[in-house]
């Protein structure tokens, strides 16, 4: 059997980011977290991504990260593959987090390049060494997250080189400006080493990225059923149907990406009774009444499963 490639990836489809569920006092709500995961699987998610930026990973302690990783992977119990974000500035810490995620049953780890705050960065040589260290620490695939939040340039030449030199680095979530062109260039330059060219940023560029050849999408967690319908129709060759579906869901995708951010999924889940509390962890402000009302108005017109699942 040939090894996985961009044409036959191990993992493909819609892998939404799982929000971290808190009680009103800011402590972890593990029963609510499990209901959230069950809903997302029932809504058609091909897989899940945890501890990502849209999971408020920046507000979690190391101990909470371990609790969530263990609890979610145990609860999922192999129903779908789970990607665990293990980003850290330190090569050694990121490698150790990645090994731990693998040992707990992660299907893949996702890693941003090393950065801290608005100005602390390292050069391309150090970025290469960082990913080589992380890639050598695990046997499961590593997804490089190419996102503006890090402020670290990741040229296509660097990404393709890593794919060709490090056996475990095979997936790339591209969510920088002009993502579609970058995906095209990466696929062309990296060839068979690029197993998973993926869309990100809540699917705001999904149509362009599908046209560019993406085989996966890491979206928000509130309406996997809508995102899955678009993705499946496109990859089944039903391009007109996919376009119509994308046109239908675009207002909700836009509202999440441009207005509600990572609180969109939790607001939808709270409105539908999936979870009891949709608040973020302090000091991040809660979603405003106007943004919440606009989100729910659009969602009700689309009738996503999130508003019906808990009935």
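Values quoted throughout were computed directly from the atomic coordinates according to the rules given, and no laboratory measurement underlies them. Please read these numbers as outputs of a predicted model, since none were measured by experiment. Every residue, glycine as well, gets a Cβ built from its backbone with ideal geometry; the counts of neighbours run over all protein chains shown.
Side notes on the structure shown:
- Relative contact order %, the chain, counting alpha carbon pairs below 8 Å whose residues are six or more apart: 20
- Computed over the stretch 34-114: relative contact order in percent, which uses C-alpha pairs under 8 Å that are six or more apart: 32
- The ellipsoid equivalent to the alpha-carbon distribution of the stretch 51-146 has semi-axes of 23, 15, 10 angstrom, derived from the gyration tensor eigenvalues as √(5λ) and listed largest first.
- For the pair residue 63 and residue 296, label points projected 7 Å from Cα toward Cβ lie 3.6 nm apart.
- Relative contact order computed over the stretch 200-252 (Cα-Cα under 8 Å; 6+ residues apart), in percent: 30
- From the C-alpha gyration tensor of the stretch 65-106, square roots of 5λ in Å: 20, 9, 8
- Percentage of interatomic Cα-Cα distances in the stretch 193-311 larger than 23 Å: 32
- Neighbour counts of other Cβ atoms within 10 Å put 284, 262 in the fewest-to-most order 284, 262.
- Where the Cα pairs of the stretch 162-243 fall when distances are cut into 10 Å bins, in %: 19, 48, 28, 5
- Compared with the direct C-alpha span, the chain from residue 189 to residue 247 gains 17.7 nm at full extension, assuming 0.36 nm per residue.
- Length gained on full extension, residue 8 to residue 93, computed as 0.36 nm times the residue gap minus the Cα-Cα distance: 27.4 nm.
- Between the stretch 147-194 and the stretch 205-256, the alpha-carbon center distance in angstrom: 21
- Computed FRET value (nearest 0.05) for residue 103 with residue 38, which takes r as the C-beta separation and R₀ as 22 Å: 0.35
- Cα shape, the stretch 114-233, gyration tensor, a/c 1.5 rule: prolate
- Helical mean residue ellipticity (222 nm; -39500 (n - 2.57) per DSSP H run of 4+; nearest 500) of the chain: -14000 deg cm²/dmol
- Using alpha carbons only: equivalent-ellipsoid semi-axes of the chain, gyration tensor based, whole Å: 29, 23, 18
- Whether the stretch 1-120 is rounded, prolate or oblate, judged on the alpha carbon gyration tensor where a/c under 1.5 counts as rounded: oblate
- Among 81, 224, 31: highest mean-square fluctuation, GNM of the chain, C-alpha pairs under 10 Å: 31
- When Rg and the Kirkwood Rh are both derived from Cα coordinates, the Rg/Rh ratio for the stretch 248-311 amounts to 0.95.
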